[in-house]
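Engineer: The structure under discussion is supplied below as structure tokens; questions concerning it will follow.
The values are calculated or read from the model by the stated rules, or taken from the named source; none is laboratory data. Computed from a predicted model, the values in this text were never measured in an experiment. Cβ coordinates were reconstructed from backbone atoms using ideal geometry, including for glycine residues, and neighbour counts include every protein chain displayed.
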């Protein structure tokens, strides 16, 4: 997997390693060879992600992570697996933006390390690039189950468990 990190906020000192680990683990879980795909990650702050959220989702407030898949891969039926990308000349899966300030607040509120929370959000964002979503109930169950499984293999706790 080639992860291209653009670091706009210098507080993201370990984002490249976390992004590589999270994206590789996600693709491997889905039976995809990480080395043939590319993802771009923008490591920014709340001001930048609020502008992106306003531009792309008409929600002018900060959020933790945003994803822009290179292709629509979502499943037509709630709870079914999305179409897997095929390696080819265009192997870009898409872009992820992640905001330091929101992630740090959420990690502190949940009593988690910043690295663990960031890894979760990068797995979450990568799943979005691969066509997973949480708008419909069964889609959300599928996506959350995959996140929990992937994070567990990385030695991290279930993020959806109280």
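Engineer: Which residues, taken from region 67-97, are out of contact with any helix residue (DSSP H, G or I) (no Cβ under 6 Å at 6 or more places or on another chain) and under 22 Å from residue 13 (Cα atoms)?
Structural biologist: Of everything in region 67-97, just one residue is out of contact with any helix residue (DSSP H, G or I) (no Cβ under 6 Å at 6 or more places or on another chain) and under 22 Å from residue 13 (Cα atoms), namely 95.
Engineer: Looking at 139, 116, can you tell me which residue is within 18 Å of residue 158 (Cβ to Cβ), more than 11 Å from the chain's Cα centre (by Cα), modelled with pLDDT of 95 or more and outside any loop (DSSP other than H, G, I, E, B)?
Structural biologist: After ruling out the rest, the residue left standing is 116.
Engineer: Still on this structure, please answer the following. Condition test on residue 126, is it buried (at least 16 other Cβ atoms within 10 Å of the Cβ), in contact with a strand residue (DSSP E or B) (Cβ under 8 Å, 6 or more places away or on another chain) and assigned to a loop (DSSP other than H, G, I, E, B)?
Structural biologist: Answer is no for this residue.
Engineer: Now for a different question. Test each condition in (1) within 20 Å of residue 75 (Cα to Cα); (2) within 15 Å of the chain's Cα centre (by Cα) for residue 122 and report the one that comes out false.
Structural biologist: With respect to (1) within 20 Å of residue 75 (Cα to Cα); (2) within 15 Å of the chain's Cα centre (by Cα), residue 122 is out only on (1).
Engineer: Just checking, does region 60-74 include any residue being buried (at least 16 other Cβ atoms within 10 Å of the Cβ) and more than 17 Å from the chain's Cα centre (by Cα)?
Structural biologist: Scanning region 60-74 turns up no residue that is buried (at least 16 other Cβ atoms within 10 Å of the Cβ) and more than 17 Å from the chain's Cα centre (by Cα).
Engineer: Quickly run through region 99-116 and pick out the residues that are closer than 15 Å to residue 13 by Cβ and crowded, with 21+ Cβ neighbours inside 10 Å.
Structural biologist: 100, 103, listed by residue number.
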